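**Student:** Supplied in structure tokens, the structure appears directly below.
The values are calculated or read from the model by the stated rules, or taken from the named source; none is laboratory data. A quick note: this is a predicted structure, and the numbers were derived from the prediction, not measured. Methodologically, a virtual Cβ is constructed for each residue, glycine included, from the backbone with ideal geometry; neighbour enumeration extends over all protein chains shown.
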Amino acid sequence: MEPSTQRADDSRERAFNPFPWYERMRRDAPAWVDPASGVLSVFRYDDVQRALSDYEAFSSERGARDASSALNASLISSDPPRHRQLRNLVTQAFTSRAIAQLAPRITAIIDELLDPVVAAGRMDFIADLADPLPVIVIAEMLGIPTSERVQFKRWSDAIVSTTDSGLTFMDAQREMARFFSGLIAERTAEPRDDLISHLIAAEIDGKRLTAMELMGFCVLLLVAGNETTTNLLGNAILCFDEQPEVYERLRAQPDLIPSAIEEVLRYRSPVQSMFRSATGETDLAGVLTRPGQPVVAWIGSANRDEARFPDAHVFDITRAPNRHLAFGHGIHFCLGAPLARLEARLALEALTIRFLDIRRIPDAPIRWVESSIVYGVKNLPITFAPS
């Protein structure tokens, strides 16, 4: 086999099952510099937590802020003091009360998605529920017709993974920038009762979001809100399929669903890695960084660190404490975490009430998301018995 082909195969296998590699790296090379790229990777919990939270040493800023890269102007790519201003502005739309008020509508969407598949006793869990649910929720929040959701998914996939859509990362950003630029102009001229209109009007200490920052937030919400919830739900079913007794326990004890969600977030983290850039010479896990050196914080590895989580290889829905890093840490802790948790809780509650004995269809091929950033599957055929 050609060396390049072998590397591609190894990379693909690692995307499907990165956990043995994480274990080796935590043990043998917890801070590893790729000789080809110079990228520093860290794998242990304490080092990942520091890279994610020490913004003075490890910057989140990246690249130029032009119309083709709206993500570079978003919260996820900003450092203080601007990050603090941006977060204060958009937090107004993500208060606990605002998220809780979405629960009835989210429940209705879940029922609308599940009703057509009940009689069949089978479904593609991703296509029929996990994919459309977060896209519909986000589209309605932004005031966008849900008919656009196929396009949204296409853009989102191109941002976080390799896809067969023929759309490149930069092409997806340009298309999203054009779409949201037009939408922002419409809402500026004619405000509505939607998130974009509210963000246009939001003001703190005389500061407002620029048009580029608004675009960046819309793109971030679409991509992060879509991929995180879709993969969280799909990964939950993968965990339950490995341990069917867990699903039965949740049916009998639905009060365990929130802690089960936290364990899915730890055990099969929807986001596996985050990028930072060293601001100067800093000791990280025994390696002295150089200014501008790229750093990868492997969240998926940190969440399996035996030094932090006893029996880390065991999926335990009663694990406590469970201080995983699935939603990041520090000032960049995911703003949409309460929404993802709410969607997942309501979806799993609906499943445990309506469906018995959920199982993957034996030998049905599964397509994995080929990405070092996110972890999940593109399809998940299951069978069940209506309750």
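**Student:** Looking only at the stretch 335-344, decide whether some residue is touching a strand residue (DSSP E or B) at 6+ places or on another chain (Cβ under 9 Å) and within 20 Å of Y55 (Cα to Cα).
**Tutor:** Checking the stretch 335-344: not a single residue is touching a strand residue (DSSP E or B) at 6+ places or on another chain (Cβ under 9 Å) and within 20 Å of Y55 (Cα to Cα).
**Student:** Still on this structure: Just to be sure I understand, how many residues within the stretch 122-150 are touching a Gly at 6+ places or on another chain (Cβ under 8 Å) and hydrophobic (A, V, I, L, M, F, W, C)?
**Tutor:** 5
**Student:** Right, another one. Hey, does the stretch 111-122 have a residue that's small (G, A, S), over 14 Å from P338 (Cβ atoms), under 20 Å from the mean Cα position of the chain (by Cα) and at pLDDT below 95?
**Tutor:** no
**Student:** Right, another one. How many of the residues in the stretch 168-207 are of a type in the set (S, T, N, Q) and more than 27 Å from the chain's Cα centre (by Cα)?
**Tutor:** Summing the residues that are of a type in the set (S, T, N, Q) and more than 27 Å from the chain's Cα centre (by Cα) in the stretch 168-207 gives 1.
**Student:** Run P386 past the list (1) closer than 25 Å to E245 by Cβ; (2) at pLDDT 95 or above and report the number of the one that doesn't hold.
**Tutor:** (2)
**Student:** Please name all residue pairs, on different chains or six or more residues apart, with Cβ atoms under 8 Å, provided the first residue is in the stretch 354-370 and is more than 12 Å from F240 (Cβ to Cβ) and the second residue is among the β-branched types (V, I, T) and assigned to a strand (DSSP E or B).
**Tutor:** Sorted first by the residue in the stretch 354-370, then by its partner, the pairs are I361/I382; I361/T383; I366/V377; R367/V377; W368/V377; V369/V377.
**Student:** Just checking, which of I99, I106, I110 is farther than 17 Å from E349 by Cα, surrounded by 14 or more Cβ atoms within 10 Å (Cβ to Cβ) and either in contact (Cβ under 8 Å) with a residue 40 or more places away in the chain or in contact with a strand residue (DSSP E or B) (Cβ under 9 Å, 6 or more places away or on another chain) (or both)?
**Tutor:** I99
**Student:** Restricting to strands (runs of 3 or more DSSP E) lying wholly in the stretch 258-362: which have 2 or more residues that are surrounded by 23 or more Cβ atoms within 10 Å (Cβ to Cβ) and outside the structural domain of R122 (by TED's automatic domain parsing)?
**Tutor:** Qualifying strands (runs of 3 or more DSSP E): 294-298.
**Student:** Pick from the stretch 167-217 the residues that are of a type in the set (D, E) and at negative phi: which of them is modelled with the lowest pLDDT?
**Tutor:** Going through the qualifying residues, I end up with E203.
**Student:** Go over the candidates L288, L339 one by one and state the one that is within 23 Å of the chain's Cα centre (by Cα) and of a type in the set (A, V, I, L, M, F, W, C).
**Tutor:** The conditions single out L339.
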